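Below you'll find the structure, written out as structure tokens, and then a few comments.
The values are calculated or read from the model by the stated rules, or taken from the named source; none is laboratory data. Only a predicted model underlies this, so the values are computations on that prediction, with no experimental measurement involved. Here the Cβ is made from the backbone with ideal geometry for all residues, glycine too, and neighbour counts use every protein chain on show. Accessible surface areas use protein heavy atoms only, side chains included; no ligands, DNA or RNA. Shrake-Rupley method; radii C 1.70, N 1.55, O 1.52, S 1.80 Å.
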Amino acid sequence: MFTQSDLFTLVNATPGRGVSFYLPTHTGGPQTRQDPIRFKNLIAEAHGKLVAEGLRNHEADALLAPANALVDDDPFWQRQSQGLALFLGADGTEYRYTVPLAFTEQVHIEPGFYVKPLLPLLATDGEFAVLTMTADGAHLYNATKYTMTEDRGAELPGTATDNLDDDNETRVQGGPAARPHTGGYASSTTQAYGDTPADWRKTVLDEWVGKVASAVDRHLADRSIPLVLVAGPELAGQFKKRTTLGSLLAGAVDTNPAALDTERLHAAAYAVVQPEFEAEQHAALQRAAELLADSPTKVAVTIGEVVRAAFQGRVDTLLLTAGAEEPGRFDEMNDAVETNSAPGTSVVDLTEYATVRTLENKGAVHILPPEEIAGLFESPAAPTSIAILRY
């Protein structure tokens, strides 16, 4: 899973010269055999660019060695998702991410790493958690629109079936000396310490669900993200009574999660939170429209204003046109933004810069179709981004 922490690691890296690879990949079928071939072609393209920038052949070979090592790694290509992002630095740094986002094939050579294609993974549409429960165990996942990976930091209790087996053995074998002899009598309603097996099973499951709820509540206490529960009706009902998440429990998928593979589990869970995320996006657009009409000083529209506000930590919500690019430079020391820089000068994508700084300062980012943002303006020359300001 690609996280904000990963993004900031890449942005703050200073390799001097960085190579950024993006490749669409496949999860199965004959196309998986084409992925390493296309990757090899990208490596050749990167080698040519490095030599054109003044590196000797052996220097370019050394920088690209980790990429070349992957070409013949068959198990690696069998464990792909929809996209591969690989970053190699002249200082020996290497970062690799397998993500469920199909990229356009591309390679970039620049002083740092090029992260723009990864930004949709971090847009606010958004982050949520998924909890699956069966009597055989509970699992918690971190999820976004594109990704879902297991979160092993919640310290969830063991399986309920272990508790059932252990408690059953204790009740049957460890009874008090005064327990009456039951002889050969057998019944599904035979009592153990006054409880029928059905009552005892319900008690054990209820206690186990309570432990799961407490662990999940503690783990998510500071994150304020919605949780989707995937479980059968009995366990789901008990969890709803035990959890303290309140409205953060976005809903439940009434099914046995063991019957779903990861892809279907993610799709089912995202369908629960998707209306909520779309409502947030619509609310952000509506808020921007109102501010543009009544309080234009509380929004930034030109790319220069957006970049400055993002750097200063003033952006609460950034609305960005999908695929937007604004080449230019930002002098942080002098608070100066230059757009349409002359060819040959060092430039960055200013929309990428604004997005990263917004995320660093805990702002929200929505990536929208061009017509959504254009619809807020009467002029056909609509901006590529709008920033709703904190102050």
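Points worth noting:
- Scan segment 294-327 for residues that are part of a loop (DSSP other than H, G, I, E, B), under 23 Å from VAL348 (Cα atoms), open to solvent by less than 40 Å² (accessible area, probe 1.4 Å) and not hydrophobic (A, V, I, L, M, F, W, C) and the total you get is 1.
- Under the condition of being in a helix (DSSP H, G or I) and surrounded by fewer than 16 Cβ atoms within 10 Å (Cβ to Cβ), the residues counted in segment 1-31 number 7.
- Failed condition for LEU119, given (1) open to solvent by 10 Å² or more (accessible area, probe 1.4 Å); (2) at pLDDT 90 or above; (3) not basic (Lys, Arg): (1)
- LYS362 meets the conditions (1) surrounded by 12 or more Cβ atoms within 10 Å (Cβ to Cβ); (2) under 29 Å from the mean Cα position of the chain (by Cα); (3) at pLDDT below 95 in every case but one. The failed one is (1).
- Test: residue in segment 272-289 that is closer than 19 Å to MET133 by Cβ, at pLDDT 95 or above, out of contact with any Phe, Trp or Tyr (no Cβ under 6 Å at 6 or more places or on another chain) and assigned to a helix (DSSP H, G or I): yes
- Restricting attention to segment 260-280, the residues that are open to solvent by 40 Å² or more (accessible area, probe 1.4 Å), hydrophobic (A, V, I, L, M, F, W, C) and over 14 Å from THR147 (Cα atoms) total 3.
- Inclusion of ALA324 among residues that are of a type in the set (Gly, Ala, Ser), within 25 Å of GLN4 (Cα to Cα) and touching a residue at least 60 places away in the same chain (Cβ under 8 Å) is warranted.
- Qualifying residue in segment 169-176 (condition: in a helix (DSSP H, G or I), modelled with pLDDT of 90 or more, of a type outside the set (S, T, N, Q) and out of contact with any Gly (no Cβ under 6 Å at 6 or more places or on another chain)): no
- Number of the exception - SER379 against (1) open to solvent by 50 Å² or more (accessible area, probe 1.4 Å); (2) touching a strand residue (DSSP E or B) at 6+ places or on another chain (Cβ under 9 Å): (2)
- For segment 232-266, the set of residues classified as at positive phi and in contact with a helix residue (DSSP H, G or I) (Cβ under 8 Å, 6 or more places away or on another chain) consists of GLY251 only.
- Those residues of segment 61-93 which are open to solvent by 60 Å² or more (accessible area, probe 1.4 Å) and over 28 Å from ALA322 (Cα atoms), in sequence order: ASP61, ALA62, ASN68, ALA69, ASP72, ASP74, PRO75, GLN78, ARG79, ALA90, ASP91, GLY92
For (1) farther than 24 Å from LEU7 by Cβ; (2) crowded, with 20+ Cβ neighbours inside 10 Å, each residue gets a yes or a no:
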site: ALA284; (1), (2): no, yes
site: ALA289; (1), (2): yes, no
site: LEU292; (1), (2): yes, no
site: ARG329; (1), (2): no, no
site: ASN334; (1), (2): yes, no
site: ASN340; (1), (2): yes, no
site: THR351; (1), (2): no, yes
site: GLU371; (1), (2): yes, no
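- Pairs where the first residue, in segment 366-379, is in contact (Cβ under 8 Å) with a residue 40 or more places away in the chain and under 19 Å from LEU119 (Cα atoms) and the second is of a type outside the set (A, V, I, L, M) and assigned to a helix (DSSP H, G or I), C-beta under 6 Å, 6+ apart: HIS366/GLN281; ILE367/PRO120
- Residue satisfying all of: in segment 224-259; outside any helix (DSSP H, G or I) and free of Cβ contacts under 8 Å to residues at least 24 places away in the same chain; surrounded by the fewest Cβ atoms within 10 Å (Cβ to Cβ) among these: ASP254
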